[in-house]
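Take a look at the structure set out below.
The values are calculated or read from the model by the stated rules, or taken from the named source; none is laboratory data. Source: prediction; values computed, not measured. Neighbour counts are summed over all protein chains in view; Cβ atoms, including those assigned to glycine, are modelled from backbone coordinates with ideal geometry.
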Amino acid sequence: MDNNIYIETYGCQMNVADSELVMGILQNKGYNITGNIKDADVILLNTCSVRENAEQRIYGRLGNLKKIKEIKPATVIGILGCMAERLRKDLIEDKKMVDLVVGPDEYRRLPEFIDTAFAGEKGIGVKLSRTETYDDIIPFREDGLSAWISVMRGCDKFCTFCVVPFTRGRERSRTLESVVDEIKILSQKGFREVTLLGQNVNSYKDGNNDFADLLAASAKVDGHMRIRFTTSHPQDISDKLICAIAEHNNICNYIHLPVQSGSDRILKLMNRTYTIDHYLKIIEKARTIINGVSFSTDIISGFPTETFEDHVMTLDVMQQVKYDGAYMFKYSPREGTKAFKMDDDVPDETKTKRLNEIIDLQHQISFELNQNLIGTKELVLVEGFSRKSDDFMAGRTDTNKVVIFPADEKLKRGDYINAEIIRATSATLFADTVEPVDAVKTKEEIII
Ligand code: 5AD
Ligand code: SF4
């Protein structure tokens, strides 16, 4: 037998969704997906290149996998995803660390490349495509509550720090119909939440349908199913999209809207194409139109030429928006990007210091926002028992916050409850009284 595939996924949710696609493609060809690396004939790492440490992790992991190869020399080791094109030469020719390198637009041919590798050759497929969307592929998913659906691929924004336009290529969208069909299948299987994914979902286009149309069509499939989406670029977020979120009870009131920096000068150098004034106006508009909307963001500290004043502006914007959550990074130069040619002139310790200040402030803001929820009732989708104890169960609010509450034998995964919040940390809400509810009818009453 040489058909056991083990796949490890690094990086963003887009990669998680891609791994499901890859497993779908391989399963169709008769491969068996295993969760145990010891059984694997083929080990695939679905990689990320977005930040430097993501790549270092993969090199570290490949170092470990060498040992497996020493024990079982026939094992095929492959690299998928963003590192494929960038590091093909280094990984295959120079360091001879892997047998297979396949980029994000060549997964259909993966079975062929695996055969090549078993035959002792190197399997290489790293071409990017202008059209590949894997629209017809059914991803392999374990039964569950939440699914990620990639609705578009690539990015045309060319933020100067970002490798995605180079590793994932140009923007292209799936058809609205195929996304809706996928949601229907997930609904029938008992999924209660889908997240529509794209590097910049606001650029979604299928004929005359834009992302607001896709979101509305997705929401109509099953009123008990929560619809989330990520990521939105602040430049393109339309009034129509904001209204679509407000109009549909089951579209979550939560927008991931990366700001990256609070300084207009830095935003310009980043080619982010908006000003903080424009950004704050969007936030204000969304808050006026969508009841109880909350925001999360991405922030980079230490972009080239960032001064202390620029950094303070970032802290300022965080204070003004009061994000529910933030993904916070230290700038790392990525080869091939425009910023790579700039002088990476902010010393590492300054980057770290600024990043720590950003993280501390976010903790403080999350804590304050969560304290404000004490005494309120939140609509929670039950996910199951809490990780720490079977005496408690866990679920999530519409705004993606984890809520822990006493276990109740009448409750099961996928139920909606009304939970009264009694205590909160910066990361978690705790509830005592819970009552089952019908999500569709009650959301409006609860989230005020
Ligand atoms: N350095 C640091 N952070 C980066 N990101 C993307 N590229 C870089 C880089 N070179 C961050 C951005 C983006 C998120 C996915 O990763 O904040 O929104
Ligand atoms: Fe990268 Fe900018 Fe595209 Fe996001 S919008 S994937 S940061 S280029």
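At-a-glance table
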quantity	calculated
Residues located in the range 107-139, provided they are in a loop (DSSP other than H, G, I, E, B) and of a type in the set (Phe, Trp, Tyr)	134
Selection count, the range 164-179, where residues are within 9 Å of ligand 2 (Cβ to nearest atom) and closer than 20 Å to residue 139 by Cβ	1
Scope the range 287-313; condition within 16 Å of ligand 2 (Cβ to nearest atom), closer than 29 Å to residue 252 by Cβ and buried (at least 20 other Cβ atoms within 10 Å of the Cβ); matching residues	296, 297, 299, 300, 301
Index of the failed condition, residue 22 passing every other in (1) in contact with a strand residue (DSSP E or B) (Cβ under 9 Å, 6 or more places away or on another chain); (2) modelled with pLDDT of 95 or more; (3) surrounded by fewer than 20 Cβ atoms within 10 Å (Cβ to Cβ)	(3)
Cβ-Cβ under 8 Å pairs, at least 6 apart or on other chains, the range 18-38 side in the same structural domain as residue 110 (by TED's automatic domain parsing) and at positive phi, far side surrounded by 20 or more Cβ atoms within 10 Å (Cβ to Cβ) and at pLDDT below 95	none
Residue within the range 206-229 that is within 14 Å of ligand 1 (Cβ to nearest atom) and under 16 Å from residue 298 (Cβ atoms) present	no
Residues that are free of Cβ contacts under 8 Å to residues at least 60 places away in the same chain, away from ligand 2 (no atom under 16 Å from the Cβ) and not charged (D, E, K, R), drawn from the range 329-368	346, 347, 350, 352, 355, 356, 358, 359, 361, 362, 365, 367
Residues within the range 410-448 that are modelled with pLDDT of 85 or more and assigned to a helix (DSSP H, G or I), tallied	0
Test for residue 69: is it more than 29 Å from residue 332 (Cβ to Cβ) and either among the charged types (D, E, K, R) or out of contact with any strand residue (DSSP E or B) (no Cβ under 9 Å at 6 or more places or on another chain) (or both)	yes
